[in-house]
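One structure is given here, and the rest of the page talks about it.
The values are calculated or read from the model by the stated rules, or taken from the named source; none is laboratory data. Model, not experiment: these values are computed from the prediction. All Cβ positions, glycine included, derive from the backbone under ideal geometry; neighbour counts span all protein chains shown.
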Amino acid sequence: MECSICLEELNDKKTIFTLSCNHKLHYQCFLKYVYQKGNLFIDCPLCREMNTNNKSPLDDPKEGLKELLLSPKNKRCCQMTKSGKRCKKNSSLMNYGYCSVHHKNILPEIKYDLMNRYILYILQINSRWYTKIHMIDFIKKILIKYPEIETLDEILTYGWRYKFHRQKMALENETIERCDINEYYELDDPPEEWIHKCMEDKIIHS
């Protein structure tokens, strides 16, 4: 049996994803298709039935997150050393391509499962790719800052809280000082080059 996107054989060397119509694809082929279309509800390449399966085919949170990020194995840190050579350490997941030394504010592994579920959730929402990237990055930083968060419902509360703040300010004032969601929670903005690369390649770069 072949993957109907890349036309390569479906075997146990690559993770397989089963669409709701029961046709199968390589999981990374499916994800690339999803990122191009902007949501999980793609039409099956074979029967054209809309997919409704929103579950990761992987039980291990770390492996699931690697697949979602289309992360290559043993990806090296992108930091250049003082001698002009590239850092030899591997980059950490969701760390803008840096290792834990060159960018220390990393997502704890205990939060990988929640991050997986949030990304799959955001891929079901009808919003621009630019918005999805920013929200995924924002939630990563929220999970780092507030380690007590344990559920998807708790994650979503932080977005709604900011939105309520904006609505409240709009009712109380004719003009609102600009305060984006990162500023509201006292978080750093993501690197512009990372945003640009995610937008250009239409994937979530790790």
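General remarks:
- Among the residues of segment 68-83, those identified as of a type in the set (A, V, I, L, M) and either assigned to a loop (DSSP other than H, G, I, E, B) or within 28 Å of residue 16 (Cα to Cα) (or both) are 68, 69, 70.
- Residue 81, sole failed condition from (1) exposed (fewer than 11 other Cβ atoms within 10 Å of the Cβ); (2) over 21 Å from residue 15 (Cα atoms): (1)
- Candidate set: segment 113-159, residues that are in a helix (DSSP H, G or I) and polar (S, T, N, Q); chosen: the one surrounded by the most Cβ atoms within 10 Å (Cβ to Cβ): 116
- Residues that are of a type outside the set (Gly, Ala, Ser), in a helix (DSSP H, G or I), on the phi < 0 side of the Ramachandran plot and outside the structural domain of residue 14 (by TED's automatic domain parsing) are absent from segment 84-104.
- Residue check, residue 110 β-branched (Val, Ile, Thr), over 11 Å from the mean Cα position of the chain (by Cα) and in a loop (DSSP other than H, G, I, E, B): no
- Among the numbered conditions (1) closer than 25 Å to residue 80 by Cα; (2) surrounded by fewer than 18 Cβ atoms within 10 Å (Cβ to Cβ); (3) without any contact (Cβ under 8 Å) to a residue 24 or more places away in the chain; (4) not polar (S, T, N, Q), the only one that residue 98 does not meet is (2).
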